[in-house]
Amino acid sequence: EVQLVQSGGGLVQPGGSLRLSCAASGFTLSDHYMDWVRQAPGKGLEWVGRTRNKANSYTTEYAASVKGRFTISRDDSKNSLYLQMNSLKTEDTAVYYCVRVGSGWPFDYWGQGTLVTVSS
Amino acid sequence: DIQMTQSPSAMSASVGDRVTFTCRASQGISNHLAWFQQKPGKVPKRLIYAASSLQSGVPSRFSGSGSGTEFTLTISSLQPEDFATYYCLQHNSYPLTFGGGTRVEI
């Protein structure tokens with residue numbers, strides 16, 4: 001059974017940093033592109049970024065709103081995906097989801113989501 | 001960036017109704033479109049991928065169509081559990097972009 005279990009998140013002050021983790025099971029992480037999607041309170045869904053699979057050298061893409069501040073990484077040996085968030089702003093407050101791209105078509109499996117609150 | 005425009009933003013419907021939502025892309029995206037359902041406080045769930053392919057386990061009353069710039073999601077007979085918000089997503093080019101959502105209310 002495919003599962004994505006997230007951890008991390010919480011309250012952080014503006015300008016601070018936070019790292020989210022996503023533990024994958026039930027599939028071979030290195031075969032898949034993996035993304036992060038977020039949802040601000042009461043708002044719609046926003047794509048954050050992507051890490052491609054091993055065959056595509058784990059290259060990354062980011063939304064303009066987070067580029068240069070957020071970094072997506074992965075450790076396939078630990079079946080884990082990460083989102084390092086630096087220089088956080090109040091507008092980064094959202095529930096963050098890790099999501100799998102299945103066979104080239106996003107997003108067939110989602111993590112449970114984790115709330116990040118950026119506030120002083 | 002490709003803009004995804006969903007209409008309507010909200011609608012009222014009754015159990016048994018046939019409902020159709022539209023998603024328009026600001027430029028052609030072939031069939032690189034997916035539809036998601038999200039209930040309040042829950043994780044989004046994929047319903048349709050490749051514009052018209054039904055996700056395994058999703059009831060057949062859901063169907064998707066379209067290609068290029070105009071896409072539709074149809075629920076043939078609305079059920080109580082279908083009251084939710086529906087989002088489209090284009091993944092033809094970066095950045096991936098979601099539509100603003102259509103909320104279906106009783």
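I'd like to check which strands (runs of 3 or more DSSP E) are fully inside segment B:1-97 and have at least 2 residues that are over 19 Å from A:GLU46 (Cβ atoms).
Values: elements: B:4-7, B:10-12, B:19-25, B:33-38, B:45-49, B:62-67, B:70-75, B:85-90.
Correct list: B:10-12, B:19-25, B:45-49, B:62-67, B:70-75.
Considering each of B:SER63, B:SER12 in turn, give the residue that is over 13 Å from the mean Cα position of the chain (by Cα) and of a type in the set (Ser, Thr, Tyr). Break it down into steps so the answer makes sense when it comes.
On the way: B:SER63 fails: over 13 Å from the mean Cα position of the chain (by Cα).
So the residue among B:SER63, B:SER12 that is over 13 Å from the mean Cα position of the chain (by Cα) and of a type in the set (Ser, Thr, Tyr) is B:SER12.
Please work out which residue is nearest to A:GLU61 (Cα to Cα), limiting yourself to segment B:34-44 and to residues that are within 13 Å of the chain's Cα centre (by Cα) and facing chain A (nearest Cβ under 10 Å).
B:ALA34
Considering only segment A:5-61, how many residues are more than 20 Å from A:LYS78 (Cα to Cα) and of a type in the set (A, V, I, L, M, F, W, C)?
First, the residues of segment A:5-61 that are more than 20 Å from A:LYS78 (Cα to Cα): A:10-17, A:37-49, A:61.
Imposing the further condition that a residue be of a type in the set (A, V, I, L, M, F, W, C) reduces the set to A:11-12, A:37, A:40, A:45, A:47-48.
Residues meeting the conditions: 7.
Is it fair to say B:ALA84 is at the interface with chain A (Cβ under 10 Å from one of its Cβ atoms) and closer than 23 Å to B:ASP17 by Cα?
Details: at the interface with chain A (Cβ under 10 Å from one of its Cβ atoms): no; closer than 23 Å to B:ASP17 by Cα: yes.
Taking the combined requirement at face value, the residue does not satisfy it.
Inside segment A:78-120, counting only strands (runs of 3 or more DSSP E) that do not spill past its ends, which hold 3 or more residues that are within 13 Å of chain B (Cβ to nearest Cβ)?
In segment A:78-120, the matching strands (runs of 3 or more DSSP E) lie at A:94-102, A:105-110.
Surrounded by fewer than 21 Cβ atoms within 10 Å (Cβ to Cβ) and without any contact (Cβ under 8 Å) to a residue 40 or more places away in the chain: which single residue out of B:VAL19, B:VAL58 fits that description? Spell out the reasoning first.
Details: B:VAL19 fails: without any contact (Cβ under 8 Å) to a residue 40 or more places away in the chain.
Going through B:VAL19, B:VAL58 in turn, the sole match is B:VAL58.
Within segment A:9-26, restricting attention to residues that are surrounded by 15 or more Cβ atoms within 10 Å (Cβ to Cβ) and modelled with pLDDT of 95 or more, which residue is farthest from A:THR60 (Cα to Cα)?
Kept after step one, since they are surrounded by 15 or more Cβ atoms within 10 Å (Cβ to Cβ), are these residues of segment A:9-26: A:9, A:12, A:18, A:20-24.
Imposing the further condition that a residue be modelled with pLDDT of 95 or more reduces the set to A:12, A:18, A:20-24.
Working: A:VAL12: 25, A:LEU18: 19, A:LEU20: 17, A:SER21: 17, A:CYS22: 17, A:ALA23: 19, A:ALA24: 18 Å.
It comes out as A:VAL12.
Residue-by-condition table, conditions (1) of a type outside the set (A, V, I, L, M); (2) more than 10 Å from every other protein chain (Cβ to nearest Cβ); (3) in contact with a Cys (Cβ under 6 Å, 6 or more places away or on another chain):
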site: B:ASP17; (1), (2), (3): yes, yes, no
site: B:ILE29; (1), (2), (3): no, yes, no
site: B:ARG46; (1), (2), (3): yes, no, no
site: B:PRO59; (1), (2), (3): yes, yes, no
site: B:TYR94; (1), (2), (3): yes, no, no
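Inside segment B:22-33, can you point out the residues that are buried (at least 17 other Cβ atoms within 10 Å of the Cβ), touching a residue at least 60 places away in the same chain (Cβ under 8 Å) and either farther than 11 Å from B:LEU89 by Cβ or under 11 Å from the mean Cα position of the chain (by Cα) (or both)?
Across segment B:22-33, the qualifying residue is only B:CYS23.
Of the residues A:THR90, A:THR60, which is surrounded by fewer than 17 Cβ atoms within 10 Å (Cβ to Cβ), without any contact (Cβ under 8 Å) to a residue 24 or more places away in the chain and out of contact with any helix residue (DSSP H, G or I) (no Cβ under 7 Å at 6 or more places or on another chain)?
Values: A:THR90 fails: without any contact (Cβ under 8 Å) to a residue 24 or more places away in the chain.
None of the others qualify; the one that does is A:THR60.
Can you report the number of residues in segment B:72-106 which are over 23 Å from A:VAL99 (Cα atoms) and buried (at least 18 other Cβ atoms within 10 Å of the Cβ)?
Count: 3.
Being touching a strand residue (DSSP E or B) at 6+ places or on another chain (Cβ under 8 Å), under 17 Å from A:GLN112 (Cβ atoms), of a type in the set (Asp, Glu) and surrounded by 19 or more Cβ atoms within 10 Å (Cβ to Cβ) is the requirement here; does A:ASP35 meet it?
Values: touching a strand residue (DSSP E or B) at 6+ places or on another chain (Cβ under 8 Å): yes; under 17 Å from A:GLN112 (Cβ atoms): yes; of a type in the set (Asp, Glu): yes; surrounded by 19 or more Cβ atoms within 10 Å (Cβ to Cβ): yes.
Here the answer is yes, as A:ASP35 does meet what is asked.
The values are calculated or read from the model by the stated rules, or taken from the named source; none is laboratory data. For clarity, every value in this text was computed on a predicted model and none was experimentally measured. FYI the Cβ positions are ideal-geometry reconstructions off the backbone, even for glycines, and counts take in every protein chain you see.
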